[in-house]
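The values are calculated or read from the model by the stated rules, or taken from the named source; none is laboratory data. No experiment lies behind these values; they were computed from the predicted model shown. As a convention, Cβ positions derive from the backbone with ideal geometry for all residues, glycine included, and neighbour counts pool all protein chains shown.
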């Protein structure tokens, strides 16, 4: 690992020392009750009867709540109203909540679950998106994004390749499972502490289900033990259930899902199955690309429409393709509603175009990297969705990676190894990325910040951003520190609370720092100008004198004065100068027409290039990731520690998705990979031997925070390169094979691909 001397992550010391507080660390009031969720043990059925009386009769059980106890609307669907909080008639997935048991202890609540009696009329189950599409089980009508004229372009192509590509789901596996704590408040309201990426979404949905106005629902989030998109919309039901139970019992209620139930009851990254057709000239220029994309949405919409849009936006990745037609079909299946996951559909789209390029290169007898390099975006090129590239770094990132790591020499090294070894083979892949930054729903690209400067000089910041390990609080604090010229000890970023920051967007889409940081910057600048006006009087400065705040002092014309930050604030307070400021930031320029699938959905794009090298043991099918060498476009990073940490973590998570993490449902819709004994994630032994992340020397980014670029999601896509590096290693051993384009490339799949089937076992 490369070490950087850079700004620190402010939360790191608290995390490693155990001082950071999460939901389960809260000291709950005496008399707090505990809730557990009774869920369906079938994937598709009519609910014939639900008898909760035996559970209610258990001593220590206070109540058992079902759909009939909901005061408001039994509906938690965010984009499309198609998902009930508690099923009342029809069951659509194994794990769908049916009832809430509230008891004196968690153990009692869980014991009572086993006493509930339930009868079903079992119905046919669909777990395959193509089957769902064939039966017209769709979340919404198909969407098509296109540019140029694909039909005419085929005649101009020297090479045309058609095939199918599939990418699997991915479990979020946040360290902190889903949970919430709710307390009734005066006036019939409720306060909810929720492990959520979207406090406003929890507030809005709780308001609807509980039949309360939003001002009677307060939601607070201190920090999360991981989210990755899994606590965007899918944190909401558990918070609403806790609130419902608190209002019903007039007691505080805590609800935390056990790991296995969390895995069974929540949605994952969307699996995709896609057909593609790609056309190229004989020298490798891509002229046309067509795709039909089947998205497994699960049993309800959740965030699937937005995820599908982003898949369509990113299905050309870093390449300029003049003729594109991509159709996305969101398919309704009988598994838990799939949801946001780091990249929000982008990785699935990028995998598809990379699979198409791989297959085309295979047919043309050339390296995939030759096709990749020839088709990289350039300044002024137009994406298929109508946005024109600005400050395009695609070629710059590739050339910088080549200069830093020497792709040609790496290929020679791999070839020499493969020539010298029979039972071990190396594979190499180059993976460029281009990822758009902004919520694809234009309305969501807004944020507010509230800053109080107290009379002692300390600074309090409230925004809609949720800290979940990614360092957003650090960047927000740094923003205020740089603008106001104060130290880390002077600034505190408060919990995310709907009473202080209203109508917020979730912390997602890599936009948390950009949106909330920009709002913080605006509020800080307003306060700074107000304080400098006071300083000008205190120092009897002329209009031509340049004043600034730095190191908790006022500076005049580049020299430090005796006027301290605390003295300045005290003077402003004594003069009744306003020391609070609320600011709103809305991302400029962006717009998108979903009827034409054209517009400018992104403020800017992030670019980068990775070279990934792997070694495969051809006897056992196991493998090692040797090197991940990256040149990444961070913009002008102002905290390299946070940024590199995000990049390395994202890369590892992307490699996991592509190489070992496999979500498997039985034909009856039951999740089989519902524990860490059956669901494999990368551990320290699976980590690459070397991850080398370099910073691309790039231009300013005025639409990012302090000219930086978002970093949470884009590096995830480098993991796609690990898949194709493994494919190349397998091909080095089995040169005549035509390998399936199906991820993840688990060790089991590697082993089966290494050897030609010899017939059925007897």
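Looking at the structure I just gave you, is residue 258 under 30 Å from residue 66 (Cβ atoms) and surrounded by fewer than 24 Cβ atoms within 10 Å (Cβ to Cβ)?
yes
So which residues in segment 595-615 are part of a strand (DSSP E or B), farther than 15 Å from residue 402 by Cα and within 20 Å of the chain's Cα centre (by Cα)?
604, 605, 606
In this structure, does residue 348 turn out to be farther than 20 Å from residue 153 by Cα and assigned to a helix (DSSP H, G or I)?
Judged against the criteria, residue 348 is a match.
Of the residues that make up segment 616-636, is at least one assigned by TED's automatic domain parsing to the domain that holds residue 707, touching a residue at least 24 places away in the same chain (Cβ under 8 Å), assigned to a helix (DSSP H, G or I) and in contact with a strand residue (DSSP E or B) (Cβ under 8 Å, 6 or more places away or on another chain)?
The answer is no; no qualifying residue exists.
Considering only residues that are over 15 Å from the mean Cα position of the chain (by Cα) and crowded, with 24+ Cβ neighbours inside 10 Å, which ones fall in segment 325-348?
326, 328, 330, 331, 332, 333, 334, 335, 336, 337, listed by residue number.
Do the conditions hold for residue 327, that is, is it out of contact with any helix residue (DSSP H, G or I) (no Cβ under 6 Å at 6 or more places or on another chain) and either under 20 Å from residue 279 (Cα atoms) or assigned to a loop (DSSP other than H, G, I, E, B) (or both)?
So residue 327 fits the description; yes.
Sort out which residues of segment 115-137 are part of a loop (DSSP other than H, G, I, E, B) and either touching a residue at least 40 places away in the same chain (Cβ under 8 Å) or touching a strand residue (DSSP E or B) at 6+ places or on another chain (Cβ under 8 Å) (or both), and write them in order of number.
Listed by number, the residues that qualify are 115, 116, 123, 124, 125, 126, 127, 128, 137.
For segment 702-710, check the following and say yes or no: at least one residue is within 30 Å of residue 585 (Cα to Cα), part of a loop (DSSP other than H, G, I, E, B) and more than 22 Å from the chain's Cα centre (by Cα).
Yes, segment 702-710 contains at least one residue that is within 30 Å of residue 585 (Cα to Cα), part of a loop (DSSP other than H, G, I, E, B) and more than 22 Å from the chain's Cα centre (by Cα).
Could you say whether any residue in segment 17-30 is crowded, with 21+ Cβ neighbours inside 10 Å and touching a strand residue (DSSP E or B) at 6+ places or on another chain (Cβ under 8 Å)?
Yes, some residue in segment 17-30 is crowded, with 21+ Cβ neighbours inside 10 Å and touching a strand residue (DSSP E or B) at 6+ places or on another chain (Cβ under 8 Å).
Only one residue in 477, 502 is surrounded by fewer than 24 Cβ atoms within 10 Å (Cβ to Cβ), touching a residue at least 40 places away in the same chain (Cβ under 8 Å), touching a helix residue (DSSP H, G or I) at 6+ places or on another chain (Cβ under 9 Å) and part of a helix (DSSP H, G or I). Which one?
477
Within segment 688-704, which residues are modelled with pLDDT of 95 or more and surrounded by 13 or more Cβ atoms within 10 Å (Cβ to Cβ)?
If the condition is that a residue be modelled with pLDDT of 95 or more and surrounded by 13 or more Cβ atoms within 10 Å (Cβ to Cβ), then 688, 690, 691, 692, 693, 694, 695, 696, 701, 703, 704 are the ones that fit.
Any residue that is at positive phi, in a loop (DSSP other than H, G, I, E, B), touching a residue at least 24 places away in the same chain (Cβ under 8 Å) and buried (at least 16 other Cβ atoms within 10 Å of the Cβ) - is there at least one of those in segment 551-574?
Checked against the condition, which is being at positive phi, in a loop (DSSP other than H, G, I, E, B), touching a residue at least 24 places away in the same chain (Cβ under 8 Å) and buried (at least 16 other Cβ atoms within 10 Å of the Cβ), segment 551-574 yields at least one hit.
Of 189, 148, which residue is touching a strand residue (DSSP E or B) at 6+ places or on another chain (Cβ under 6 Å), surrounded by fewer than 22 Cβ atoms within 10 Å (Cβ to Cβ) and outside the structural domain of residue 342 (by TED's automatic domain parsing)?
Criteria check complete, one pass: 148.
Please specify each residue of segment 281-307 satisfying the condition of being closer than 21 Å to residue 740 by Cα and over 19 Å from the mean Cα position of the chain (by Cα).
The answer is 289, 290, 291, 292, 293, 294.
Restricting attention to segment 529-550, which residues are closer than 30 Å to residue 634 by Cβ and surrounded by 19 or more Cβ atoms within 10 Å (Cβ to Cβ)?
549, the sole residue that qualifies.
Take residues that are under 20 Å from residue 503 (Cα atoms) and either free of Cβ contacts under 8 Å to residues at least 60 places away in the same chain or over 18 Å from the mean Cα position of the chain (by Cα) (or both) and tell me which of the helices (runs of 4 or more DSSP H) falling wholly in segment 193-271 contain 3 or more.
Fully inside segment 193-271 and qualifying: 199-210, 236-249.
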